[in-house]
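To start, the structure under review is shown below, and the notes come after it.
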Amino acid sequence: MTSDPPTETAPPASGNLPEPIVVRRGRFSPRQRQRFTRLIQYAVFVVIVGLVAVTADWNRLAESFFNTEVIGELFPEILRIALINTIVYTLLAFAFGLVVGLILALMRLSSIGPYRWFATAYIELFRGLPALLVLLAVAYGFPLAFPNLYIPGGGYGEIALGLGLTAAAYMAETIRAGIQAVPRGQMEAARTLGMSHTRAMISIILPQAFRVVIPPLTNEIILLTKDTSLVYILGLSLTERELTSFGRDAMTQYVSLTPLVMAGLLYLVITVPLSQLVRHLEVRTARKVGSVQH
Amino acid sequence: MSSTDTGRSPGTVQTDDPRSLAVRIRGLRKSFGTLDVLRGIDLDVRYGEVVCIIGPSGSGKSTLLRCTNLLETPSAGRIEVLGVEITDADVDIDAVRRHIGMVFQQFNLFPHLSVLDNLTIAQRRVLKRSRQEATRIAQENLARVGLSEKSQAYPNQLSGGQQQRAAIARALSMNPRLMLFDEPTSALDPELVGEVLTVMRNLAAEGMTMLVVTHEMAFAREVADRVVFMDGGVVVEDGPPSEVLTSPRQERTREFLHRVLDPTHLTRDELTGEEATTDSVAS
Ligand SMILES: Nc1ncnc2c1ncn2[C@@H]1O[C@H](COP(=O)(O)OP(=O)(O)O)[C@@H](O)[C@H]1O
Ligand SMILES: [Mg+2]
């Protein structure tokens with residue numbers, strides 16, 4: 001084919017050839033320029049850190065942030081009461097939110113109109129309201145409005161309800177997305193085997209949906225852990241205090257920042273491993289979903 | 001198994017029904033919105049019969065099959081399956097579906113369950129069989145499709161052909177009296193088609209009543225008692241494979257066959273002279 005003489009159709013008119021792109025070359029190649037910029041960034045960063053390190057009054061800082069005497073006073077109550085209560089409030093609100101969220105998700109997907117409308121209204125309402133307002137309404141507003149209302153579990157029940165109502169709205173949307181991520185053929189295969197809609201939901205759809213939903217639900221636990229700090233506004237009794245209210249009281253008592261620092265560290269003890277877990281689960285789910293049959 | 005049925009209540013399947021028709025469809029219509037997909041279908045399937053449905057894509061084959069177990073709700077018409085009129089609004093469709101196995105193009109195994117659990121879950125939850133009995137029946141059916149070794153595997157560890165055979169075994173574990181197949185080999189790599197067709201051929205030889213949507217003309221020709229050609233939501237031609245596949249009366253059937261007939265599935269001498277000449281033109 002190399003010996004073919006050019007025919008009149010083969011060579012395109014030279015005017016149609018794309019213009020070669022013009023690259024303006026400076027004194028430095030792009031790579032050199034990039035390395036130079038990065039070097040400057042490092043230098044600025046090191047100078048700032050160095051300045052802070054030199055000018056800071058380290059003794060003073062240690063005194064404020066990690067006053068060992070104050071730390072000694074905080075223990076063991078900060079663990080035995082505050083940390084435990086933070087965890088208990090989180091788990092109660094999560095359990096309540098999970099159950100209500102699951103029900104709302106199923107209502108959202110129901111073929112019965114009023115169920116769908118109710119769930120949609122609930123989700124929009126509670127996602128739109130500040131969690132603090134809902135908490136206040138449950139703890140103070142409801143008793144005013146309904147003097148005979150009894151919330152089981154006393155303070156714990158109020159907190160589970162006050163935080164869980166909001167969490168349920170978010171979890172409902174997460175769970176609904178998880179259910180919808182299960183291919184339609186799964187429900188059809190289950191129904192074809194004679195399962196009722198409910199049975200297929202329980203045995204086939206929800207187990208698959210929850211695999212997808214575990215990472216975002218773990219994220220929800222992290223958010224809830226931090227949101228339990230809102231209950232400080234409820235004026236808790238000594239044994240009901242969680243990390244933030246405990247830290248605040250101790251801050252006033254010892255006139256020191258240290259209690260808040262300790263409370264903050266204990267939040268991180270809960271949330272950092274959880275977010276690591278989420279990351280791990282997300283990678284695993286992504287791999288699983290990727291390899292599953294279509 | 002529920003062999004002690006006392007009295008006929010509407011919606012329960014009479015497992016000793018004397019009538020010879022497993023499926024009787026009359027005037028079936030189905031539309032999705034303004035789209036008329038099925039436009040008056042009449043179809044009979046006798047017990048023990050294998051009926052293959054062929055036809056161009058979009059002609060309503062899947063919809064017809066899915067109406068047969070009410071995965072789609074018919075817009076009009078009457079469907080009797082295993083002696084029960086399932087288009088009756090009072091029918092307990094779950095009770096009817098127990099007796100109708102269905103195999104999908106995409107297998108639809110449950111990915112979160114092992115192969116064995118895929119086969120036992122409905123036996124246990126729907127038929128209320130004990131774990132031991134369900135497991136025994138599951139193992140029998142896995143052996144039937146050549147997957148005894150794979151009972152502990154998960155679906156995503158199986159090849160497509162193995163997945164489809166497991167799906168067939170899952171349906172068989174419910175002891176169905178009718179099996180519906182919707183293009184069971186269309187999602188498979190070509191080298192895996194044979195193993196699934198072999199299982200289906202054996203099933204047909206055992207006398208299973210089967211309604212099969214397929215593009216495998218060689219299979220239809222060999223296994224089917226009747227071939228139904230559908231186009232545009234109607235049954236165009238219905239008869240023994242020797243007639244419908246070899247000397248179709250309708251021009252539309254002829255055109256379709258010319259388009260799909262693949263020389264690797266049907267040798268030339270299997271075709272009549274007329275087919276052979278046109279086929280050779282096409283190839
Ligand atoms: N659930 C549905 N909603 C709307 N249209 C549908 C639905 N299912 C099938 N159809 C349409 O009905 C027609 C027939 O589909 P189908 O029965 O799957 O045909 P076939 O199986 O013969 O290829 C197609 O045009 C398809 O798009
Ligand atoms: Mg189809």
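The values are calculated or read from the model by the stated rules, or taken from the named source; none is laboratory data. These numbers come from a predicted model, not from an experiment. Heads up, the Cβs are rebuilt from the backbone with ideal geometry, glycines too, and the neighbour counts pull from every protein chain shown.
Restricting the first member to region B:149-164 and to residues that are among the charged types (D, E, K, R), and the second to residues that are modelled with pLDDT of 95 or more, the beta-carbon pairs closer than 6 Å and six or more apart or on different chains are B:Lys150/B:Val115. Of everything in region A:110-131 that's of a type in the set (A, V, I, L, M, F, W, C) and buried (at least 16 other Cβ atoms within 10 Å of the Cβ), which residue is farthest from A:Leu161 (Cα to Cα)? Here the residue is A:Ala119. Residues in region B:28-39 that are surrounded by fewer than 16 Cβ atoms within 10 Å (Cβ to Cβ) and either within 23 Å of B:Asp225 (Cα to Cα) or β-branched (Val, Ile, Thr) (or both): B:Thr34 only.
From the list A:Leu230, A:Leu149, A:Leu165, A:Leu234, the lone residue that is at negative phi, out of contact with any Asp or Glu (no Cβ under 7 Å at 6 or more places or on another chain), at pLDDT 95 or above and away from chain B (no Cβ under 14 Å) is A:Leu165.
Considering A:Ala93, A:Ala160, the condition of being small (Gly, Ala, Ser) and at pLDDT 95 or above is satisfied by A:Ala93 alone. Cβ separations smaller than 6 Å between residues 6+ apart or across chains give the following pairs from region B:15-30 residues that are farther than 15 Å from B:Leu43 by Cα to residues that are modelled with pLDDT of 65 or more and in a loop (DSSP other than H, G, I, E, B): B:Asp17/B:Gly83; B:Arg19/B:Gly83. Among the numbered conditions (1) touching a Leu at 6+ places or on another chain (Cβ under 8 Å); (2) more than 16 Å from ligand 2 (Cβ to nearest atom); (3) under 18 Å from B:Ala224 (Cα atoms); (4) of a type outside the set (Ser, Thr, Tyr), the only one that B:Ile53 does not meet is (2). Candidates in region A:189-207 are the residues that are facing chain B (nearest Cβ under 7 Å) and over 16 Å from B:Arg98 (Cα atoms); of these, the one that is surrounded by the fewest Cβ atoms within 10 Å (Cβ to Cβ) is A:Pro207.
Kindly evaluate A:Phe75 against the criterion of being more than 25 Å from A:Ile270 (Cα to Cα) and at pLDDT 85 or above. Walk me through how you get there before you give the answer.
Values: more than 25 Å from A:Ile270 (Cα to Cα): no; at pLDDT 85 or above: yes.
In short, no.
Considering region A:156-167, and only residues there that are of a type in the set (A, V, I, L, M, F, W, C) and more than 14 Å from the chain's Cα centre (by Cα), the residue that is surrounded by the most Cβ atoms within 10 Å (Cβ to Cβ) turns out to be A:Ile159. The set of residues in region B:37-50 that are in contact with a helix residue (DSSP H, G or I) (Cβ under 7 Å, 6 or more places away or on another chain) and more than 16 Å from ligand 2 (Cβ to nearest atom) contains only B:Val50.
Would you check which residues across region A:106-134 are in a helix (DSSP H, G or I) and within 19 Å of the chain's Cα centre (by Cα) and list them?
A:Ile123, A:Glu124, A:Phe126, A:Arg127, A:Gly128, A:Ala131, A:Leu132
In region B:171-215, which residue that is within 16 Å of ligand 1 (Cβ to nearest atom) and more than 14 Å from chain A (Cβ to nearest Cβ) is surrounded by the most Cβ atoms within 10 Å (Cβ to Cβ)? Looking at the filtered set, the residue picked out is B:Val212.
Filtering region B:75-121 to residues that are over 17 Å from B:Ala22 (Cα atoms), in contact (Cβ under 8 Å) with a residue 60 or more places away in the chain and either within 8 Å of another protein chain (Cβ to nearest Cβ) or polar (S, T, N, Q) (or both) leaves B:Phe104, B:Gln105, B:Gln106, B:Phe107, B:Leu109.
Of the residues screened, A:Ala209 is not one that is modelled with pLDDT of 90 or more, more than 26 Å from A:Arg127 (Cα to Cα) and in contact with a helix residue (DSSP H, G or I) (Cβ under 9 Å, 6 or more places away or on another chain). Within region B:54-74, residues that are closer than 19 Å to A:Gly185 by Cα have Cβ atoms under 7 Å from residues that are near ligand 1 (Cβ under 9 Å from one of its atoms) and polar (S, T, N, Q) in these pairs: B:Glu72/B:Thr63, counting only partners at least 6 apart in sequence or on another chain. All conditions but one from (1) over 20 Å from the mean Cα position of the chain (by Cα); (2) surrounded by 18 or more Cβ atoms within 10 Å (Cβ to Cβ) apply to A:Arg184; the one that does not is (2). Determine whether B:Gln152 is surrounded by 23 or more Cβ atoms within 10 Å (Cβ to Cβ) and in contact with a Leu (Cβ under 8 Å, 6 or more places away or on another chain). Criteria not met by B:Gln152. Filtered by the rule that a residue be surrounded by fewer than 16 Cβ atoms within 10 Å (Cβ to Cβ) and more than 12 Å from every other protein chain (Cβ to nearest Cβ), region B:122-145 gives B:Ser130, B:Arg131, B:Gln132, B:Glu133, B:Arg136, B:Glu140, B:Ala143.
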